[in-house]
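Reviewing the structure listed below.
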Amino acid sequence: MQGKEWLVGGHLTVADVVCAMPLVVLFQTCLDAGYRKAMPNVTAWMTRFVALPEVVSRLGHIKFCAKALKPVLEEKKKEEAPKPQPVAAVKKEKTEDDKDPRDEPSKFDLYNFKTLFVNSPDRRGEGMKAFFEQYVKEDYCVYFVHYEKYEGEG
């Protein structure tokens, strides 16, 4: 950038705006005078950019930081281990409303159906007929998935 005022050519371009905007916050908070002294060309370019009337009208007057901000780390408080509560206090009686339907065994005997289906010579006819006779829609859900198999797959 030495000897140039802007990144591309002799006038401000979109490249200058795109590169400068993320650096505005860094120049305001992190890049202190010592750091900027090591990069005189970038600092001069950024100074020209923030002095433009278009930038000032949208972002206001931007001042570079004199001293970089230090991160403030919160100290973690030591948490005490929770004291175990008596078992009687933890357990509560279940009412009919608290029952989870997944706790009860299903009426659909999946193991016997799988055995029947695998051993059935006519899976599409006899096997699926047995499935729909035994299937309980409250306990299971069924999805149809069609995979397109390309030549040479599987």
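Every read-out reported here was derived from the displayed coordinates using simple, explicitly stated rules and does not represent laboratory data. Just so it is clear, the structure is predicted and the values come from calculations on it, not from any experiment. Every residue, glycine as well, gets a Cβ built from its backbone with ideal geometry; the counts of neighbours run over all protein chains shown.
Numbers at a glance
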{"read-out": "Contour excess over end-to-end distance, with Cα ends at residue 13 and residue 123 and 0.36 nm allotted per residue", "value": "32.7 nm"}
{"read-out": "For 103, 16, order by how many other beta-carbon atoms lie within 10 Å, fewest first", "value": "103, 16"}
{"read-out": "Prolate/oblate/rounded label for the stretch 103-149 (Cα gyration tensor, a/c 1.5)", "value": "oblate"}
{"read-out": "Relative packing of 112-123, 40-51, which averages over residues the other C-beta atoms within 10 Å, highest first", "value": "40-51, 112-123"}
{"read-out": "Under 16 Å from the Cα of residue 99 - aspartates and glutamates, other chains or at least 8 residues apart", "value": "138, 139"}
{"read-out": "Label point 7 Å beyond Cα of residue 130 along Cβ direction - residues of the stretch 104-123 with amide nitrogen under 17 Å", "value": "108-123"}
{"read-out": "Stretch gain in nm, segment residue 113-residue 32, where the contour uses 0.36 nm per residue and the Cα spacing is subtracted", "value": "21.8 nm"}
{"read-out": "Ascending count of other beta-carbon atoms within 10 Å, so fewest first, for 73, 7", "value": "73, 7"}
{"read-out": "Where trypsin sites (Lys or Arg not before Pro) fall in DSSP loop in the stretch 1-46, at most 12 other Cβ within 10 Å", "value": "4"}
{"read-out": "Global size of the stretch 1-70 as Cα Rg and Dmax, reported in angstrom", "value": "12.0, 37"}
{"read-out": "Theoretical gain in end-to-end length, residue 65 to residue 137 [0.36 nm per residue, Cα-Cα removed]", "value": "19.2 nm"}
